[in-house]
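Bear in mind that the values in this text are calculations on the coordinates, not laboratory data. Computed from a predicted structure; not experimentally measured. Note that we place each Cβ from the backbone using ideal geometry, even for glycine, and neighbour counts take in every protein chain shown.
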Amino acid sequence: RDCSEELLADISAAADGNDASGVTMDVLNGIIGLTGVDPSQLAYYQEAIADADASLDSLEELQAIIDSVNDQSKDVVVSKGGVGSFNFLWLSLMSGLLAFRKANVRAVRPMLYLLAGASVSGQALANNAYFGIGAGVSDLEPNTEQSLYEVSEEQGTAFQIFTGYQFNDHWSVDLSYMDLGSAELENASLTPAVVDVDYSALSVGGMYHFEFSKDDACQRHCGLDPFITLGLSDLNVDAGTGLSEDSSTLVRVGLGADYALNDGWALRFMATSFSEDAVAFSINIMKRFNVSD
């Protein structure tokens, strides 16, 4: 028995009453000729039907709603906040520290080192290289305005691996990969009800080291070595079923400090902001190959 007309009448009544919670997959699948119905989009169909201006008493009008929802972006969006989420106070502090020490550093020197990099011997590169790994926590707040999900868990577990090259006492460059963990999205009306949004970042950037604890008896990397960092990150967001993925190249900012141990080993404490919705705090162990007792 073809119940399409009765089901369309029920949907029309739901649209008129702005309440489509009773429009189920059985209702939609029972309408002969209606195509492209996706179970994972049911909550979006219900929202669109409840908000529809038309009466939806014809197959063509309902089909237009289904097609429109299927074509709609449901991205979990990465914020493109320019310099991450550090507020003006942090940025002012980093700028002030840099200005305090700028008399001792020629700003163009790192660029000259980079341009001359091709002529540096392999042995010299090895002598000034460092490598490290670490872990920490992340704060993740994906923008879900284009979806029906809400963020239910913001804190993730972060893991990092990095390598770099030290030009001199103040300047270095590093390459890093960080798995920032996952944010959790939830909506009991959707299928699935819970979605994990995974964050990862591949970054390259420069560091300025202040070396406040350096003294005449220390050749390099003694005690506490605060630093700031600025670079670029390819921040990738891997969303779940029914959501689109997003990837953006953003400006990464960070600050932290190295604490020297023995034989070139050091601890690195670091706070890194990749975007307005992705910040990580990590503790790392690193080895400098140009330092030994």
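Brief remarks follow.
- The simple spin-label model puts a point 7 Å past each Cα toward its Cβ; for ASP263 and ASP38 those points are separated by 5.6 nm.
- Maximal additional length on extending the GLU186-ILE283 stretch stands at 31.9 nm, based on 0.36 nm per residue less the C-alpha distance.
- Couplings 3J(HN,Hα) of the stretch 167-177, computed from phi: 6, 7, 4, 10, 10, 8, 10, 9, 10, 9, 10 Hz, in residue order, whole Hz [Karplus 6.51 cos²θ - 1.76 cosθ + 1.60, θ = phi - 60°; x for Gly and Pro].
- On full extension, the segment bounded by ASP2 and ASP16 gains 2.7 nm, given 0.36 nm per residue less the C-alpha separation.
- Under 5 Å, built H, 5+ apart or other chain: amide partners of GLN155: LEU140
- FRET efficiency, ASP71 to ASN168 (Cβ-Cβ, R0 51 Å, nearest 0.05): 0.40
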